[in-house]
1. Conditions first: (1) in contact (Cβ under 8 Å) with a residue 12 or more places away in the chain; (2) surrounded by fewer than 18 Cβ atoms within 10 Å (Cβ to Cβ); (3) part of a helix (DSSP H, G or I). Residue 62 passes all but one, so which condition is the exception?
2. Just to be sure I understand the filter: pairs with C-beta atoms under 9 Å, separated by 6 or more residues or on different chains, first member in the range 69-81 and within 10 Å of residue 55 (Cα to Cα), second member outside any helix (DSSP H, G or I). Which pairs pass?
3. Kindly provide the set of residues from the range 1-34 that are over 21 Å from residue 112 (Cα atoms) and assigned to a helix (DSSP H, G or I), ordered by number.
4. Among the listed residues 119, 89, which satisfies the condition of being under 29 Å from residue 34 (Cβ atoms) and surrounded by 17 or more Cβ atoms within 10 Å (Cβ to Cβ)?
């Protein structure tokens with residue numbers, strides 16, 4: 001459980017900062033997304049980061065029980081799959097990036113903040 005709480009705290013801080021950043025600076029993040037979609041190096045770097053994060057979570061937190069901690073495990077497996085996809089099929093992620101650009105950044109920021117609050121509750125309050 002100690003690992004779950006640590007990862008929840010890490011996710012809480014990251015998601016809250018990212019969500020607030022989206023809310024406060026939407027033009028900056030839309031431009032950053034445009035730049036990322038044009039750069040094969042960013043796809044490669046994203047693949048490395050997703051693979052490392054996913055592998056670490058799956059290696060140290062592969063917990064399948066009926067509680068909130070399974071969400072962390074799911075995020076780990078999703079990150080690992082994302083890393084694989086970024087390395088093997090990078091052009092498919094260009095499609096997802098373009099779809100992401102069309103989404104309302106304010107709505108997305110509220111979703112990301114909600115994730116941060118979810119993880120913050122279990123990481124800091126439990």
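Just so you know, all these numbers are worked out from the coordinates, no wet-lab data involved. Every value quoted in this text rests on a predicted model; they were computed, and no experiment measured them. A quick note on method: Cβ atoms are made from the backbone with ideal geometry, for glycine too, and the neighbour counts reach across all protein chains shown.
1. Going through the list (1) in contact (Cβ under 8 Å) with a residue 12 or more places away in the chain; (2) surrounded by fewer than 18 Cβ atoms within 10 Å (Cβ to Cβ); (3) part of a helix (DSSP H, G or I), residue 62 breaks only (3).
2. 76/61; 76/62; 77/62
3. Step one: of the range 1-34, the residues over 21 Å from residue 112 (Cα atoms) are 1-3.
Within the range 1-34, 2, 3 meet the criteria.
4. 119
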